[in-house]
Structures are given as C-alpha cells and as structure tokens.
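Read through the structure below, which is laid out as structure tokens, and then see the notes.
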Amino acid sequence: MVWKQVQITLQPRSKGTYLVSNEVIPQLPVQGIKVGLVNLFLQHTSAALTINENCDPTVRRDMTDSFDRIVPEGDFYAHDDEGPDDMPGHVKSTITGVSLTIPITNGKLALGTWQGIYLCEFRTYRHTRRVIATIQGE
C-alpha cells in the first residue's frame, strides 16, 4: 500500500464555476498505481469542489447562476464580517462540499468521459485556493 500527499495551489479566481482538471490532474502522483483513491480536500470555507460536465462552458455559467438563486446575497445574514458575499459563500460551500474522492485505475483518475473537476468560487474578490490531495493505492 502506498500513501502520498501533495498540496496544489490553484490560480486566483473571482466568483464563478471553473473547470480545474488541467490544473489538478497533472500534479497528482498517481503513475504506477493500479488501484487506488485520491481525496481532494479544499482548505477553504467559501469555495467548493465538485465533479460535473466538462465540455459545454454554459454548464459553468448555469451552475454559478443556480447557486445564486438557491443562496442569494442580502442583508438578512447575521454573519457579514467580510461583506455581503461572505455568509452566502459559506452556505454554498456547505451545500456543495469541500472534498472529492475519485478512484484511480491503472495510473489515471477514473473519471467518466464527460466529467471534470470544478472549483466553485463563491466570493467576488479573487482568492487563491489550496487543495490537499491524498493518494492511496497499490
């Protein structure tokens, strides 16, 4: 059994839904692992990770718009220390989640043909986000 762990720093982004597969996958030391798992853990509370459609960019816009309809900004939150997008960012992060577990098969992530790894950034101001990748396999 092999265990590996790396930290991945994503480029700074403002509010939106971003396909980050090409930023994340090349940094994962999964070569030589026949069967395993990678856990991606985002170290932040106002952004999220998810897997979704990796081809049509309108999916990304629709995801961002849908999050805003589900959890709108407004002056009705008690926690607003960092502005009107602060608490909605925390709620959206809780709904979506900050970690993913993806199977590894023959040295590659076993994502489906149309699946990609997304960063959902819920804050308007550009933030740099860090992901801890923990790989287990044989």
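The values are calculated or read from the model by the stated rules, or taken from the named source; none is laboratory data. Note that this is a predicted model, so its numbers are computed, not measured. All Cβ positions, glycine included, derive from the backbone under ideal geometry; neighbour counts span all protein chains shown. When the accessible area is computed, the model is the full protein with side chains, heavy atoms only, and any ligands, DNA or RNA have been set aside. Shrake-Rupley method; radii C 1.70, N 1.55, O 1.52, S 1.80 Å.
Just a few scattered comments:
- What you get for the chain, charging only the Cβ of Lys and Arg (+1) and of Asp and Glu (-1), is a dipole of about 660 debye around the Cα centre.
- Residue-count net charge about Gln7 - beta-carbon cut-off 12 Å; Lys, Arg +1, Asp, Glu -1: +3
- Hydrodynamic estimate: the Kirkwood radius of segment 2-138 over Cα pairs, inserted into Stokes-Einstein at 25 °C and 0.890 mPa s, corresponds to D of 157 µm²/s.
- Alpha-carbon geometry of segment 96-138: the Rg and the Dmax are 13.3, 41 Å, given in that order.
- Taking the C-alpha atoms only, the angle from helix 58-70 to the longest principal axis of the chain is near 50 degrees.
- Solvent-accessible surface (1.4 angstrom probe) belonging to Asp65, in square angstrom, nearest 10: 60
- Between 0 and 90°, nearest 10: helix 86-96 axis offset from the chain longest Cα axis: 40
- Spin-label model, Ser66/Thr113: points 7 Å from Cα along the beta carbon direction are separated by 2.2 nm.
- Order of exposure, largest accessible area first, which applies to Phe41, Phe122 with probe 1.4 Å: Phe41, Phe122
- Glu73, Glu23, Glu138, ranked by accessible area, largest first (probe 1.4 Å): Glu138, Glu73, Glu23
- Backbone N within segment 16-44 under 18 Å of label point (7 Å from Asp56 Cα along the Cβ vector): 17-19
- Calculated P(r) of segment 51-128 - Cα pairs past 19 Å, %: 48
- For the pair Ile95 and Phe76, the difference between a 0.36 nm per residue extended length and the Cα-Cα distance amounts to 5.0 nm.
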